[in-house]
1. Among the residues that make up the range 89-96, is at least one of them without any contact (Cβ under 8 Å) to a residue 12 or more places away in the chain, under 30 Å from Ala23 (Cβ atoms) and either open to solvent by less than 20 Å² (accessible area, probe 1.4 Å) or part of a helix (DSSP H, G or I) (or both)?
2. Does Leu7 satisfy the condition of being open to solvent by less than 30 Å² (accessible area, probe 1.4 Å), modelled with pLDDT of 95 or more and touching a helix residue (DSSP H, G or I) at 6+ places or on another chain (Cβ under 9 Å)?
3. With the requirement that a residue be among the basic types (Lys, Arg), open to solvent by 70 Å² or more (accessible area, probe 1.4 Å) and either touching a residue at least 12 places away in the same chain (Cβ under 8 Å) or not in a helix (DSSP H, G or I) (or both), what does the range 130-180 give you?
4. Taking the range 45-80 only, how many residues are open to solvent by 60 Å² or more (accessible area, probe 1.4 Å) and either touching a residue at least 60 places away in the same chain (Cβ under 8 Å) or in contact with a Leu (Cβ under 8 Å, 6 or more places away or on another chain) (or both)?
5. So, in the range 21-44, exactly how many residues are among the charged types (D, E, K, R), free of Cβ contacts under 8 Å to residues at least 12 places away in the same chain and either closer than 21 Å to Asn57 by Cα or open to solvent by less than 80 Å² (accessible area, probe 1.4 Å) (or both)?
6. Within the range 100-109, how many residues are in contact (Cβ under 8 Å) with a residue 24 or more places away in the chain and within 16 Å of Asp70 (Cα to Cα)?
Amino acid sequence: MQQVEDLTIRAQLRQRQSKPKEAIALFEKALELRIGLHGPDSNSVRRACDELCDVLNGEALKHLQREEHDQALELLRKAEILSGPNDLVTAVTYNNLACYYRRKGRLRTALSFLERALRIEKKAERVVNPAGTRLNLCAVMSQLERHEEALEHARAAVVLLQEELVQHQVALTEKDGEDE
């Protein structure tokens, strides 16, 4: 168990040092050992998969920004394999895969991934970027010349952003009340 923890700490350090390839390799090694210790269905393995998926998704987006599509797809495919069928990490991965396919001009494939991401997000209690999927759906629908549907997603994104803003303002007001 100590070896797993050591590998994880080293991976996190490499990540902070902007050494993603080394970080991913260490996270993968730690995950492999964790599976051997706890079994593939344990909470410990699930958390490790989620952490690795976050790293893979982040690095994939960096590759997409640099137009390094093959590297991005490789990382996103790994994340897709490691993520659970209906968890939020999967929704993030689907969203990122949609971005990849949109850049490659494969709009129907992008739409399919976005619809899958939205289904997951609708079931979740809390989503990190609730408007993101809707805005991506808006963009893809518009490119597919399905403008009415694009507009519906844009409106839904605005509502979600307004709700998020209100929640943020309430939290700030509560915090200010505690500070007095």
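The values are calculated or read from the model by the stated rules, or taken from the named source; none is laboratory data. No experiment lies behind these values; they were computed from the predicted model shown. Cβ placement follows ideal geometry from the backbone for every residue including glycine, while neighbour counts extend to all protein chains displayed. The protein model used for the area step is the full one, side chains on, heavy atoms only, and it has no ligands, DNA or RNA in it. Shrake-Rupley method; radii C 1.70, N 1.55, O 1.52, S 1.80 Å.
1. Filtering the range 89-96 down to residues without any contact (Cβ under 8 Å) to a residue 12 or more places away in the chain leaves none.
Looking for residues that are without any contact (Cβ under 8 Å) to a residue 12 or more places away in the chain, under 30 Å from Ala23 (Cβ atoms) and either open to solvent by less than 20 Å² (accessible area, probe 1.4 Å) or part of a helix (DSSP H, G or I) (or both), one finds none in the range 89-96, hence no.
2. Working: open to solvent by less than 30 Å² (accessible area, probe 1.4 Å): yes; modelled with pLDDT of 95 or more: no; touching a helix residue (DSSP H, G or I) at 6+ places or on another chain (Cβ under 9 Å): yes.
When the stated conditions are applied, Leu7 does not pass them.
3. In the first step, residues of the range 130-180 are kept if they are among the basic types (Lys, Arg); the result is 134, 146, 155, 175.
Then drop every residue that is not open to solvent by 70 Å² or more (accessible area, probe 1.4 Å), which leaves 146, 155, 175.
Within the range 130-180, just Arg146 meets the criteria.
4. 1
5. First pass over the range 21-44, keeping only residues among the charged types (D, E, K, R): 21-22, 28-29, 32, 34, 41.
Remaining after also requiring free of Cβ contacts under 8 Å to residues at least 12 places away in the same chain: 21-22, 32, 41.
Then drop every residue that is not either closer than 21 Å to Asn57 by Cα or open to solvent by less than 80 Å² (accessible area, probe 1.4 Å) (or both), which leaves 21-22, 32.
Number of matching residues: 3.
6. First, pick out the residues of the range 100-109 that are in contact (Cβ under 8 Å) with a residue 24 or more places away in the chain: 100, 102-104, 107-108.
Subset that is within 16 Å of Asp70 (Cα to Cα): 100, 102-104.
Of the residues in that region, 4 qualify.
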